[in-house]
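The values are calculated or read from the model by the stated rules, or taken from the named source; none is laboratory data. All values reported here derive from a predicted model rather than from experimental measurement. Here the Cβ positions follow ideal geometry from the backbone for every residue, glycine too, while neighbour counts run over all protein chains shown.
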Amino acid sequence: MALNPHKGGSDLIVSPSDQPEVPENVFLTTMDSVVSWCRKHSLWPMPFATACCGIELMAVGASRFDLARFGAEVMRFSPRQCDLMIVAGRVAMKMMPVLQRIWLQMPEPKWCISMGACASTGGIFDTYAVVQGIDRFIPVDVYIPGCPPRPEQILRAVMDIQAKVQKGGTTFGNEGLPELRAREKYVLARRDTAAGTGIADERGDEDRFGYRIPGGPSQLGIEETR
Amino acid sequence: MSTAAPSPTEAAPSAASEAILAKLAAAVGEDAYCVTRFRDNIRIFVTPAKLIEVLTALKTKAGCAFLSELGGADYLKYPGRTGPRFEVHYVLRDLDTAGIVVVKAGVDDPDPALPSVYGLWPGCDWMEREVFDMYGIRFEGHPDLRRILMPDEFASFPLRKDYPLRGRGERHNFQRLTREES
């Protein structure tokens, strides 16, 4: 213990004998967490708004709910300037290649929010023209339920994304959380298997959506790959 | 509410609509088509061969200058139906008298085709493209008969009754992007 020679601050400095002395208001951390900390407070969303969820998204950006409080108010309409894609609304099968292309045009690191029932599951539009959940074709970090979701839910999703950025980000990219990486491995294994066969680890989509395809989960994929 | 107003089931075609029908009969003769009435509708059934003749007469001689609507229907397995599988209907209006008639033309499998009315109403452009997109009915003489709603590579005609509502896997036939690759 010693008296603080500088003016201001506490009078007392506690310095264990085996550790270097660190002045007050100096913090030690890792480079990764500092970079993630900067990143999570300056998310630039790409509003992929195709339906009524987009209107709620506008409300979030406006003054009443004020997405700027979370540092994510800079909506850009060029994917090359964005790192957070918010898919708001149903995605038609004609739009899916466009969505994938926009996702590929976004620079790393990047995150994706699937906003609302339609983007997450297809919602009530279970027809030939509507994709039944964008997570079948692009990676999704946070899902928002609701039809459409309340603006508070979108703020909550942004906060969840922030937590995820802090937890899973590295200096040079977005490696994602461990459970997500496991899921991605399933996806890659799934793609390499022949149509009509399943992989044991996969949590079947039929279980997710609550219906059974004749033949059971091992037959998963027949309908989708035909 | 006035008790004198006819109920919808008793409503009859307006005098203006009946006048259109009279002018049409004078122009092309009653043998070219057959007429049915339902509530306040007048339906004029024509064969594809007579379609252009009847529509031209309606436009030039009966005052129906406005093609209000053009659409299709698939009557596959429709109870009690014996006619052709598809029907295309043309809703024509006389904007001066507010008369309205519906012209219907039946067309059958395979390779359903009708003459295009682009020469009469260029506004039919996108409507005929939509009927082609949804039912596969070709409109001969249309200048640009492409799909309008579905993607160009789409292989089916989704509003046909033998097409399943959830499709044949088209909505799931995409490359899957993972985070490692994107």
Got a sec? Which of A:Arg76, A:Arg80 is basic (Lys, Arg) and surrounded by fewer than 13 Cβ atoms within 10 Å (Cβ to Cβ)?
A:Arg80
Give the range A:138-172 a look and list any residue that's under 20 Å from A:Gly122 (Cα atoms), in a helix (DSSP H, G or I) and touching a residue at least 12 places away in the same chain (Cβ under 8 Å), or say none.
A:Ile154, A:Ala157
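Here's the yes/no breakdown for (1) in contact (Cβ under 8 Å) with a residue 60 or more places away in the chain; (2) of a type in the set (Asp, Glu); (3) under 28 Å from A:Met93 (Cβ atoms):
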{"position": "B:Leu95", "(1), (2), (3)": "no, no, no"}
{"position": "B:Val101", "(1), (2), (3)": "yes, no, no"}
{"position": "B:Met134", "(1), (2), (3)": "yes, no, yes"}
{"position": "B:Asp152", "(1), (2), (3)": "no, yes, yes"}
Against the condition among the basic types (Lys, Arg) and either within 14 Å of chain A (Cβ to nearest Cβ) or surrounded by fewer than 13 Cβ atoms within 10 Å (Cβ to Cβ) (or both), how does B:Arg171 come out, does it pass?
yes
Which of the numbered conditions does A:Val165 fail, given that it passes all the others? Conditions: (1) in contact with a strand residue (DSSP E or B) (Cβ under 9 Å, 6 or more places away or on another chain); (2) at pLDDT below 90; (3) more than 11 Å from every other protein chain (Cβ to nearest Cβ); (4) surrounded by fewer than 20 Cβ atoms within 10 Å (Cβ to Cβ).
(4)
Those residues of the range B:72-100 which are out of contact with any strand residue (DSSP E or B) (no Cβ under 6 Å at 6 or more places or on another chain) and either β-branched (Val, Ile, Thr) or closer than 30 Å to B:Ala15 by Cβ (or both) amount to B:Thr82, B:Asp94, B:Asp96, B:Thr97, B:Ala98, B:Gly99
Would you mind stating whether B:Leu159 is touching a residue at least 40 places away in the same chain (Cβ under 8 Å), in a loop (DSSP other than H, G, I, E, B) and within 11 Å of another protein chain (Cβ to nearest Cβ)?
yes
Residue check for A:Gly61: surrounded by 18 or more Cβ atoms within 10 Å (Cβ to Cβ) and closer than 21 Å to A:Pro151 by Cβ:
yes
